[in-house]
Ligand code: KIV
Ligand code: ZN
């Protein structure tokens, strides 16, 4: 019998700490449901003490998720732990994850605390969290740069206080695989009560080693890995869930453990997270990149046709790439549409939501001959965007673009239900549209990123536009999809503006 490797997904917490990746409560619920469908063991839904919005999001996830444990992060402070405990009250299975830094540099320069004070606060925090739940996880932040002797001391004390998962973070992505594996082995061997807890790891990717470090830790006895979809996360990100899970699954000859994940849900999860956050997946990304299973060279194509395993170590369908790509067209009915959404694991909450999505599907089918799975994903995520009560809505957009003339955009927006109009000239049709909209919105923001990707191939493909804007240090992303890329751009811009104007300030857990 192999051990179970617990998959702890922190896309909704550490992933959300990527600048611009902040998610609304509804978006978090959609991602959490997909993680549950994938059979992720633990979902870290957020940091409830950060803001009321974060508290509500963790609470909402805890209330709807039934099969995965829902976790809330808390600094080693009573007030944070109480917020996490309150947010998780409705969970079928809840976990409080509390942490305090243990490296010399963090203790001296950030916390301004002595090692004795840190041990005392860690123990108190775990005891306090135990009053809310038996399921308490403790992390010595910056463990990767902490002294092993001190780590042993803190960890022994928190196990005695009732922590049942000990998470060892390489917070700044400084460790090398052999060194990090050795650290996990040392801790397990030297801490006298280590058998009472599960060792977990949480690796950042600053040197591109997050997955390698996590796997090395697993070989040395870690039985929980913290990771994120598409490797999203603070700075260079976290270990990517899809790479960890598929490495362990594909190399069962090396690992004494396996996960209980339904790997066919990986690609849908990756798409959902990329769509919601606007962090596109690079084409050559392992497992979930568009080229991950594409064979360009003739020799490779020939080999794969003769015998798939000549060049493929995993099957594309095992991670959720669908073989049957063309699905629906203009004559498809509501039932076929609903059935395909179900096959794709897309759940819409109500009949009204299905009807609205179906109406959008029909509009799209009028413009585009063949509707692919990718179009359906975009259409439904557009639908979810539309469902949130937005301040700004696009009523109409007309752009005149002619050789030798300056492009001119005429826009009508609804602002709190009131129609307002403006027009502007610009360097191109998209520039003119953004300028016209900004005359009405007066956002005072800077555009950091504008990118267009085709969702499928062909000149009638939908364009998916991502914009990232910054207003006084607050960064948000917006997405929009349409067969007309100028309209897709306007939708993306308004999506970002609506987030910006709805935004609430939130604290960062590590500050
Ligand atoms: O990177 C880190 O140290 C963290 C902790 C809060 C676990 O995210
Ligand atoms: Zn982290």
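No lab work stands behind these numbers, since they all come straight from the coordinates. The structure presented is a predicted model; accordingly, all values stated were derived computationally and were not measured. Here the Cβ positions follow ideal geometry from the backbone for every residue, glycine too, while neighbour counts run over all protein chains shown.
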| field | Using a Förster distance of 41 Å, the FRET efficiency for residue 474-residue 2 (Cβ separation, nearest 0.05) | value | 0.35
| In degrees from 0 to 90, rounded to the nearest 10, what is the angle of the helix 266-277 Cα long axis to the longest principal axis of the chain? | 70 degrees
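Counting DSSP beta bridges in the chain, what percent are antiparallel, to the nearest 5?
Bridges in the chain are about 50 percent antiparallel.
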| message | For the chain, take the longest principal axis of its alpha carbons; what is the angle in degrees between that and the long axis of helix 241-250, to the nearest 10 within 0 to 90? | response | 70 degrees
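Order 405-414, 263-272 from most to least packed using the mean count of other Cβ atoms within 10 Å.
Final packing ranking: 263-272, 405-414.
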| Radius of gyration and Dmax for the stretch 3-277's Cα atoms, expressed in Å? | 17.0, 48
| note | Taking the stretch 334-384, the equivalent ellipsoid from its C-alpha gyration tensor has semi-axes in Å, biggest first, of 16, 12, 10
| If each of residue 124 and residue 293 carries a label point 7 Å out from its Cα toward its Cβ, how far apart are those two points in nm? | 5.4 nm
| task | Round to the nearest 0.05 the FRET efficiency obtained for residue 336 and residue 66 when R0 = 25 Å and r is the Cβ-Cβ distance. | result | 0.25
| How big is the convex hull of the Cα atoms of the stretch 435-511, per residue, in Å³? | 101 Å³
| query | Spin-label point model (7 Å from Cα, Cβ direction): what's the residue 398 to residue 310 distance in nm? | reply | 5.9 nm
| note | For residue 134 and residue 369, extending 7 Å from Cα along the Cα-Cβ vector and measuring point to point gives, in nm, a value of 6.2 nm
| request: May I ask for the percentage of alpha-carbon pairs in the stretch 1-63 that lie more than 13 Å from each other? | output: 60 percent
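What do you get for Rg/Rh of the stretch 238-317 when both radii come from the Cα atoms and Rh is the Kirkwood radius? Could you put the intermediate results ahead of the total?
Values: Rg = 14.1 Å, Rh = 14.1 Å.
Value, to two decimals: 1.00.
Ranked highest first by the average count of other Cβ atoms within 10 Å around their residues, in what order do 61-67, 220-226, 189-195, 279-285 fall? Walk me through the numbers before you get to the answer.
Details: 61-67: 18.4, 220-226: 23.9, 189-195: 13.4, 279-285: 15.9.
Output ranking for 61-67, 220-226, 189-195, 279-285: 220-226, 61-67, 279-285, 189-195.
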| request: Using packing as a proxy for protection, rank 430-436, 466-472, 333-339, 307-313 so that the peptide with the highest average count of other Cβ atoms within 10 Å comes first. | output: 430-436, 466-472, 333-339, 307-313
| Using a Förster distance of 51 Å, how high is the FRET efficiency between residue 423 and residue 52, based on the Cβ-Cβ distance and rounded to 0.05? | 0.85
| Which whole-angstrom value gives the distance between the alpha carbon centres of the stretch 405-438 and the stretch 125-181? | 53 Å
| task | Quote to one decimal, in nm, the extra length available between residue 149 and residue 301 on full extension: 0.36 nm per residue of separation minus the C-alpha distance between them. | result | 49.3 nm
| request: With 20 Å bins from zero, work out the P(r) of the chain over every alpha carbon pair and list the percent per bin. | output: 22, 52, 24, 2
| note | Per the rule of 0.36 nm per residue minus the C-alpha distance, extending residue 282 to residue 353 adds in nm 22.4 nm
| Taking the Cα atoms only, what angle lies between the long axis of helix 148-161 and the longest principal axis of the chain, rounded to 10 degrees? | 90 degrees
